[in-house]
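Before any comments, here is the structure.
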Amino acid sequence: MTSPPPPTASPSHLTSRKLTVNNLRHLRPPTDKPHPVGRRAVKVTAAVCALGLLAIATAIPIWTGTAGPTQSAPSTSSATASQPAVAPCLSPAALTAAQLKARAQQKLDLSPTRLPASSPAGQALTAVAAGPSGCDAISGRFAYVHLLQWATDTAIAGNSTTTRVVLFEEQRWRADDASGRVVRSRYPTDQQPTDDSTYYPGELDGPIGPIAADPTALIANIDATQPRFLGPTAVIRGLVSLLGWRTPNQAARTAILTVLRDTPGIAYHGPVTDRAGRTGIGVSATADDIRFLLILNPTTGELLAYERAALTPPPGSDRTGPLVDDYHLFLVHTRANSSSNS
């Protein structure tokens, strides 16, 4: 799900370029900082990966929002037990190959998410606080992120173009030294096996260390992935690049809300539903008829989903209206002691 793009791209690059097999394998938005390719990635065979996924998979339909096993957290003391209860940290199992196929074949509305009327984020986000999350109590060396990604594949043959949607599932483990592991599967497979890659210190892209918990330091993190002088859309893209690989604690989530609130040009929307059926709040920014949308948990500030939508068809495209060409559904942000599926 990785294809490092340049910081900017024209709308035609977003929707109508011919994608090779290699491009599909690392498909990410041309304006985002994508999954890096490790210099010494360790590849696991398709058979081994398939067995691993079958061993850990359950029949839980995680795309409906139903979560898998609850991660155990340290026991609370009597002092903290009196505080309001926090929802447990639920970490769904990976999909089996059959479940991934079934999910990919479900009828999908490719039109952009319908948003309530907007207001300036600087005004509306003052009333939003990043409360505690059940995943905050989970410790471990690795940030663990589990997500589904829908990405469009536009193929050009002569004077005709065809567009299809490819569904990816990724489990990502990242340590503060930029080492980690990624298990990636996709449908349709196009003869590409499930990929299991290990990365050594410094091989994963982006700033070293955890996501910053101070707004000023967080802005520096964002600038390292998407320079803010490119406008408010760069701030959203930069945050997605960071949060796609890191698990922010409560202080970092507060810093994220602060940066969004203090960035001119970012719009706030009321209740927005993601593709798992979860209701969050939306913040968006638009440039060159490309809209970038974040859906956040309204009580914890956790990132639930990210959507990039082309609001008008690019020149020469066979599209007739707006289209979502990239959508990330974040199933969990938590931590893990080891980069394994167990």
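The values are calculated or read from the model by the stated rules, or taken from the named source; none is laboratory data. What you see is a predicted model; the values in this text were computed from it and never measured. All Cβ positions, even for glycine, are placed from backbone atoms using ideal geometry, and neighbour counts span all protein chains on display.
In the range 220-244, what count of residues is obtained for those that are over 19 Å from residue 286 (Cβ atoms) and either at pLDDT below 95 or in contact with an Asp or Glu (Cβ under 8 Å, 6 or more places away or on another chain) (or both)?
Within the range 220-244, the first condition is being over 19 Å from residue 286 (Cβ atoms), and the residues that meet it are 220-221, 223-225, 242-244.
Those still in the list that are either at pLDDT below 95 or in contact with an Asp or Glu (Cβ under 8 Å, 6 or more places away or on another chain) (or both) too: 220-221, 223-225.
Number of matching residues: 5.
Beta carbons closer than 7 Å, at least 6 apart along the sequence or on distinct chains, never pair a first residue in the range 181-194 that is on the phi > 0 side of the Ramachandran plot and free of Cβ contacts under 8 Å to residues at least 60 places away in the same chain with a second that is surrounded by fewer than 20 Cβ atoms within 10 Å (Cβ to Cβ) and not in a strand (DSSP E or B).
The residue list 304, 311, 230 contains one member that is touching a Lys or Arg at 6+ places or on another chain (Cβ under 9 Å), more than 22 Å from residue 205 (Cβ to Cβ) and surrounded by fewer than 20 Cβ atoms within 10 Å (Cβ to Cβ), which is 311.
Show me the strands (runs of 3 or more DSSP E) entirely contained within the range 153-267 in which 2 or more residues are touching a Pro at 6+ places or on another chain (Cβ under 9 Å). Here the list reads 160-174. Select from the range 241-258 the residues that are surrounded by fewer than 22 Cβ atoms within 10 Å (Cβ to Cβ) and among the aliphatic types (A, V, I, L, M) and write down the one among them that is farthest from residue 175 (Cα to Cα). Here the answer is 257.
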